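The values are calculated or read from the model by the stated rules, or taken from the named source; none is laboratory data. Computed from a predicted structure; not experimentally measured. Quick reminder, even Gly has a Cβ in these numbers, built from the backbone with ideal geometry, and neighbours come from all protein chains shown.
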Amino acid sequence: MVKHFTTEELKALADFYGSPVGKSAMQKFGAYMADIMPVMQAEIMKAQAKTEPLTSQKQTRIAAAHERDFLKHCYALVLRRIFSPLIARRQAC
């Protein structure tokens, strides 16, 4: 994690996930991801349909890479929405 987050960010994450709100959010996160997964998969399929025909093996590798990138992007957006207000409140104190 230290490759991607600063010490301050990691401390804020630990504080958040250790809080009652953070614990509650984590309990709900799996169900939330299950709800949005079909939408994400549909978007991936649309993107794949736009690509020119490729060999099956290469297409599978590309699809997996796109899916990983898309999931990382979605996860980052979710985390940003969750943590931005909390971090802003902490900094205001």
Of all residues in region 46-60 being surrounded by 12 or more Cβ atoms within 10 Å (Cβ to Cβ) and part of a helix (DSSP H, G or I), the one that is modelled with the highest pLDDT: A47
Scan of region 1-20 for residues that are loosely packed, with under 12 Cβ neighbours inside 10 Å and in a helix (DSSP H, G or I), ordered by number: T7, E8, A14, G18, P20
Unique match (being within 14 Å of E67 (Cα to Cα) and of a type in the set (K, R)) among K46, K28: K46
